[in-house]
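The values are calculated or read from the model by the stated rules, or taken from the named source; none is laboratory data. Here the structure is a predicted model, which is why all the values come from computation and not from measurement. In this analysis, Cβ positions are derived from the backbone assuming ideal geometry, glycine residues included, and neighbour counts consider all displayed protein chains.
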Amino acid sequence: MKDLLKQKNILIGILLVILYIAIYFALETGFIEPFQQVNLFLMGINIIAAVSLNLIVGFTGQLALGHAGFMAVGAYVSAVLTLKMGQPFLLAIFAGALAAFVMGIVIGLPTLRLRGDYLAIATLGFGEIIRGLVVNIEYVGGAAGMNGIPKMTNWTWLYLFALLTIFIIKNFINSTHGRACIAVRDNEIAAETMGINTTYYKVLAFSMGAFFAGVAGALYAHYFFLIQPKTFTFMKSFDALVMVVFGGLGSLTGSVLAAIVVTAVNAALINFGSLRMIVYALLLIVIMVFRPQGLMGTKEFTFKSLFREKGREGQC
């Protein structure tokens with residue numbers, strides 16, 4: 001069994017390295033056109049945002065609509081550090097993510113005692129408060145936003161942070177803390193009866209999701225080198241929620257696939273102008289009617305069954 005697990009990890013590692021190298025050379029040689037490059041980087045940022053939101057909504061069962069607010073915190077804090085203070089890129093990213101993490105705790109402690117629609121409204125209000133504050137702070141450009149942010153997000157950093165996000169959240173879910181979060185999702189009253197501190201685990205998942213949303217915001221700011229308050233509206237949170245639901249609540253690989261598909265659909269519909277959102281909404285309705293559980297449901301794409309078959313053949 002250990003040999004099979006080792007083989008699986010080696011195979012996954014090789015595939016990930018091949019994917020990184022293939023796309024890296026495609027970018028360097030110009031095989032991927034500028035418009036496609038923009039959407040490729042948007043896919044990576046959306047993967048981080050969707051996977052982190054799935055931890056809150058899919059695995060912990062808390063309907064949160066303020067993810068764009070945490071992205072805004074990460075984007076603005078990191079941009080201030082690099083543009084105005086001349087700090088290193090990595091320090092700026094982690095500072096932005098840490099600021100979002102702290103905001104997650106501050107917002108999570110009072111709001112996560114709420115449930116259902118009340119929680120959704122409270123977190124939506126948080127996102128709007130953040131946007132309103134940024135509009136009125138001249139130091140970060142006010143309504144005009146911040147321009148001239150150093151373009152430091154490249155394919156290597158984006159790929160690395162996307163993998164780290166998936167790896168850390170996957171291991172968290174498979175830990176005892178992650179099982180407690182899933183117990184809260186399945187039946188919060190039963191979880192409390194079994195001695196699980198539901199508020200603690202909801203705040204933990206919420207702040208952890210906020211941390212990686214801050215990473216996504218920081219990477220976004222340093223790729224597009226322009227951020228404005230209108231960049232992080234409710235629609236940004238809604239887009240991330242659509243990816244989570246489309247991919248499957250409680251499926252990390254589903255979130256990854258959904259982020260890729262939704263970003264590609266948005267890019268394909270860009271020529272439709274004002275009709276783009278109508279076509280986009282109709283596609284989502286069709287998908288939800290015929291596949292309400294999402295692309296993956298609660299399942300994950302793994303090589304487990306493949307290696308199980310190899311193990312059986314070896315025993316024979």
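Quick notes on this one:
- Within region 122-156, considering residues that are β-branched (V, I, T), surrounded by 13 or more Cβ atoms within 10 Å (Cβ to Cβ) and out of contact with any Leu (no Cβ under 8 Å at 6 or more places or on another chain), the one nearest to L90 (Cα to Cα): V140
- Flag for A79 being under 24 Å from L249 (Cα atoms), part of a helix (DSSP H, G or I) and not acidic (D, E): no
- Matching residues, region 246-275, being more than 20 Å from L40 (Cα to Cα) and in contact with a Gly (Cβ under 6 Å, 6 or more places away or on another chain): G248, L249, G250
- Candidate set: region 107-125, residues that are in contact with a helix residue (DSSP H, G or I) (Cβ under 9 Å, 6 or more places away or on another chain) and β-branched (V, I, T); chosen: the one modelled with the lowest pLDDT: T111
- Against the list (1) in a helix (DSSP H, G or I); (2) closer than 30 Å to H177 by Cα, the condition V289 fails is (2).
- Residue within region 258-271 that is out of contact with any His (no Cβ under 6 Å at 6 or more places or on another chain), assigned to a helix (DSSP H, G or I) and at pLDDT below 75 present: no
- Selection count where residues are out of contact with any helix residue (DSSP H, G or I) (no Cβ under 8 Å at 6 or more places or on another chain) and not in a helix (DSSP H, G or I), scope region 211-257: 2
- Condition check for N54 on (1) touching a helix residue (DSSP H, G or I) at 6+ places or on another chain (Cβ under 7 Å); (2) surrounded by fewer than 16 Cβ atoms within 10 Å (Cβ to Cβ): one failure, at (2).
- Residue match in region 58-66 (condition: assigned by TED's automatic domain parsing to the domain that holds A191 and in a helix (DSSP H, G or I)): no
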